Amino acid sequence: MTTRPGSAPSSEDRGVRIIPLRSLPEVREGDDLAQLLVGALGREGLELVDGDVLCVSAKIISKSRGLVIPAERKQRTILEQTVRLVARRRHLRTTTSIVEVPAGPVMAAAGIDGSNAPEGLLVLPEDPDAEAEQLRDALARAGAADVAVVLSDTSSRIWRVGVGDIALGAAGLRALEDLRGTEDAEGRTLHVTRRALADEIAAAADLVKGKASGVPAVIVRGLEGAVVPPDSAVPARALSRTDAGDWFRRPSLESVWQSLGLSPEQEPVAAMDPEDDAVRLRRAIDVARTPSLPGPAPLLSREGGGLLEPEGDVPLGGDEHAPRRLLVHPAADTGVAWASAGMLLERLRVAIGAESIARPLPVGVRLGDVREDSSRGRMGR
């Protein structure tokens, strides 16, 4: 047996070590993951000691549970795994859905991924904390030391470019470490600090596991006090902002579209990369006109130009620094028509304002004169 109770490094050996398990075989459905880990430890002459944290890729949990789907089922499975839609973005011909998954995090494509998956696509386990607890218990039954378990996966990060590993599941440690009430090195009391310990462990472990090295499990050693009794442990789910605590529930565009009354099915899909002003303005117009307004539909024109067509880019014209303005025309000289034009005017201002949050869209809007135009193919149809 290569897993036995031991002692954490002494104060003379302080420092954190990350030890890869390189001989773990390919995991298949039905495999006893704890026994595979014990076997890998033995082959490599390693042993777990009290205080170690075993960081394991969530992908091998998915493999052992048979959570594999064919590629053609990806979109349907994303819908099945979606707690709520956060956003959709387009890159070339591919549209990616960013959604909240049952485990709590917000992830692209619901975390469904084909990397390091010999056959098909891997689906995340619905309760990674429970999976981490089960693996920890199985290791204990196999004679392991008192260790913690972190299940990790790769994710993008808000406000940052690039990806990193985060903790999807955790057992035997405080995934979210509350430092409020403690003192810093200068003796000042901390009032707001809560450390995402499990995420930090997952990110550090990924420096050794890597994305293409074929190392799905590592031992993180030397984290003094990381392993705690079950009644003191905090699950990884606590790391996800949800409900009222979610400050960034939707991106700026989608937040405005939702406020304007668009359903998820009616929301357009913006591109990942910067878009031309004409494309953004057309999207703002389409958003402002969804759902349909009451009464006769107002007409739109560009100041100094003719009525706008219902589809295609909106010709802005003029110097890029010149003021550009859209005119909203009532379809008739009636109270209902003027009210409808006023509603469209304000919705346009809001929709253009949403497009301007990330990058200015220098287009103004004002009411124009009455235009009675029933011809098909006009913006007011």
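Gyration tensor over the Cα atoms of the stretch 252-367: the corresponding equivalent ellipsoid has semi-axes (square roots of 5 times the eigenvalues, largest first) of 22, 19, 11 Å.
Note down the net charge around Ile219, summing +1 for each Lys or Arg and -1 for each Asp or Glu among other residues with Cβ under 13 Å from its Cβ. Residues near Ile219 contribute 0 overall. For the chain, relative contact order (Cα pairs under 8 Å, six or more residues apart, normalised by length) works out to 16 percent. Using the Cβ-Cβ distance between Ser292 and Asp32 with R0 set to 51 Å, the FRET efficiency from 1/(1 + (r/R0)^6) comes to roughly 0.30. What FRET efficiency would be calculated for the residue pair Glu80, Val336, taking the C-beta separation as r and a Förster radius of 56 Å, to the nearest 0.05? With R0 = 56 Å, the Cβ-Cβ based efficiency is 0.80.
For the chain, the orientation-averaged shadow of the C-alpha convex hull comes to 24.9 nm² (one quarter of the hull surface). The Cβ shell under 13 Å around Asp246 holds other residues with a net charge of +2, Lys and Arg each +1, Asp and Glu each -1.
Residues whose amide H lies under 5 Å from that of Arg84, counting only those 5 or more places away or on a different chain, are Glu100; hydrogens are built 1.01 Å from N in the peptide plane. Helices of the chain meeting both criteria, an alpha-carbon length of 24 angstrom or more along the long axis and an average Kyte-Doolittle score not below -1.0, with helices taken as full DSSP H segments, are 335-358. Take the Cα of Glu44, step 7 Å toward its Cβ, do the same at Ser232, and the gap between the two points is 2.8 nm. Seen from every direction in turn and averaged, the convex hull around the alpha carbons of the stretch 11-78 projects onto 6.5 nm².
In this rough spin-label picture, where each label sits 7 Å from Cα along the Cβ direction, the Leu190-Asp276 distance is 5.2 nm.
Counting only the Cα atoms, the stretch 39-164 fills a convex hull of 141 Å³ per residue. Taking all Cα pairs closer than 8 Å and separated by 6 or more residues, the relative contact order of the stretch 108-153 comes to 25 percent.
Report summary: the helix-based calculation at 222 nm, which adds -39500 (n - 2.57) for every DSSP H run with n ≥ 4 and divides by the residues of the chain, gives -8000 deg cm²/dmol. The listed peptides 24-30, 107-113, 242-248, ordered by packing as a protection proxy, come out as 107-113, 24-30, 242-248 (highest mean of other Cβ atoms within 10 Å first).
Label zone of Ser115 (point 7 Å out along Cα→Cβ, amide N under 15 Å): in the stretch 213-249 this covers 213-217.
Values quoted throughout were computed directly from the atomic coordinates according to the rules given, and no laboratory measurement underlies them. All values derive from a computational prediction rather than experimental measurement. A quick note on method: Cβ atoms are made from the backbone with ideal geometry, for glycine too, and the neighbour counts reach across all protein chains shown.
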